[in-house]
Amino acid sequence: MKFCSKQQCFMFSPYNQGYCAWKIGLCDEHTVMRRLMDGIPPLKDKKLHIENLQFEGVTVRLYRPKGVSAKLRKGILFIHGGAGLWGSTDSHERTCRFIAKESGSVVVSVGYRLSPEYPYTVQLIDCLAATIHFMKNAEGYGVDPKGIIISGDSIGGTYAAVVCQELVKRTDLPKVRAQILIYPLAQFIDCHLPSHQQNKFVPPCFPRNIVELGLKFLGKKASLAKGLEEGSHVPEDLKMKLRKWMSPDIIPKEFKLRGYKPPPPAVFSPEIYQEVKEVFQTTLSPLIADANVIRQLPETYILTCEYCIFRDDGLLYKKRLEDEGVPVTWCHLADGFHGNLFFIDCPWLSISGAKRGMDSVVNFVKRL
């Protein structure tokens, strides 16, 4: 595994500072993480109109390119990452500015309520409510109702995928034009995929603390972490059913060159299963949605990073979509890590992969 010096600096990122502060008992992890991720706001942007609004009681930030457009613009709803525990419209300010300016689109950043103050599924409810409001009122924001794109990074990518699946059921709204999923978590079930093994020591996402954060997000006991990591929550009959969607055998061989060993069989625990059975719902694991839902999804862009434990989630969802006839544009950053695009236009840390990834996203939007 090769990291340049700038990537090594990432080991001292806000995520790891917050995690260490939490572990040694200085404060709640989510409290320090929220402050660190929001960072220092960028200066006023002369090319954008930026305003804070409320969509159905949900805080959003709207970015509109200045200047007259001959036609209604594309609209991009952006859902930020942060494990459902942190992140905000402030933390992803640079990301949304870049997309709005470079693609000439109207961007709506969703400031959904966070766990643990607001337990799951409040986050998804907020994202869905903001999306529906935007779709119903698109023209009022200078947006073509037929040109709306749902996007998100990390767990925001999970929410984006789930929102698109939920909207398949709606006949009273325009069809979503596309979805953009940036290193998404497509399932919360299997912690032993090749990318989990290969990247278990790569910051910022270490397998054990990701499981712990997932449990915290769901309001569950941290003592369940070991059983989840081992796979003790998956009954044998369900394990066989899920293999067609999340088996390591589906992952292309080139992504196993850094090594992969099948994990030892786990002993099923009915108690752990009962405690965490929410992870088998499509609101957390969109990868396992019914085929009838998957095949109705819009054209999709997926970005994955080699040094990211969720790389294989993106690969598996890509395969699932393609198998059901959904067009997929895929970008893989061979030197990228989870959170790569978060550093776009950061004056204190310039990472080349951030620009390449964001350019790929923008080019996809422009081609639509």
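Just so you know, all these numbers are worked out from the coordinates, no wet-lab data involved. In this text, all values refer to a predicted model and were calculated from it rather than measured experimentally. Positions of Cβ are generated from backbone atoms using ideal geometry, with glycine treated the same way; all protein chains shown enter the neighbour counts.
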Would you mind counting up the charge near MET358? Only other residues with Cβ under 12 Å from its Cβ, with Lys and Arg at +1 and Asp and Glu at -1.
-> +1
Residue separation between PHE201 and VAL328 times 0.36 nm, minus their alpha-carbon distance, gives in nm 42.7 nm
Helix 29-38 sits off the longest principal axis of the Cα atoms of the chain, rounded to the nearest 10 on a 0 to 90 degree scale, by 30 degrees
Can you tell me the alpha carbon radius of gyration of the chain divided by the globular rule-of-thumb value 2.2 N^0.38 Å?
-> 0.94
Using the per-residue mean of other Cβ atoms lying within 10 Å as a proxy for protection, in what order, highest first, do the peptides 275-285, 157-167 fall?
-> 157-167, 275-285
LEU173-ASP335 FRET efficiency (beta carbon distance; Förster radius 41 Å; 0.05 resolution) = 0.55
Output the Cα-based Rg and Dmax of the stretch 137-201 in Å, rounding Rg to one decimal and Dmax to a whole number.
-> 15.6, 48
Could you give P(r) for the stretch 132-254, binned at 5 Å from zero, as whole percent values over all Cα-Cα pairs?
-> 2, 9, 14, 17, 18, 14, 9, 9, 6, 2, 0
Between GLU278 and LYS366, the FRET efficiency computed from the C-beta separation at R0 = 45 Å comes out, to the nearest 0.05, as 0.75
How big is the stretch 259-305 by the Kirkwood estimate over distinct Cα pairs, in Å?
-> 14.2 Å
Restricting things to alpha carbons, tell me how big the stretch 273-338 is in terms of Rg and Dmax, in Å.
-> 13.4, 39
Spin-label model distance (nm) - LYS256 vs LYS244, 7 Å beyond Cα toward Cβ | 2.1 nm
The value for the stretch 220-368 (convex hull of the alpha-carbon atoms, volume per residue, Å³) is 151 Å³
Top mean-square fluctuation among VAL60, VAL68, VAL267, Gaussian network model of the chain, C-alpha springs under 10 Å?
-> VAL68
Which whole number in µm²/s is D for the stretch 52-183 by Stokes-Einstein, with the Kirkwood Rh taken over Cα pairs at 4 °C and 1.567 mPa s?
-> 90 µm²/s
May I ask which of LYS220/LYS355; LYS146/LYS239; LYS200/LYS355; LYS244/LYS366; LYS146/LYS216 have a Cα-Cα span longer than 31 Å here?
-> LYS220/LYS355; LYS146/LYS239; LYS244/LYS366; LYS146/LYS216
Out of all DSSP beta bridges with both ends in the chain, state the antiparallel percent to the nearest 5.
-> 30 percent
What aspartates and glutamates could a cross-link reach from LYS318, if we take a straight Cα to Cα line under 13 Å and drop same-chain neighbours fewer than 8 places away?
-> GLU299
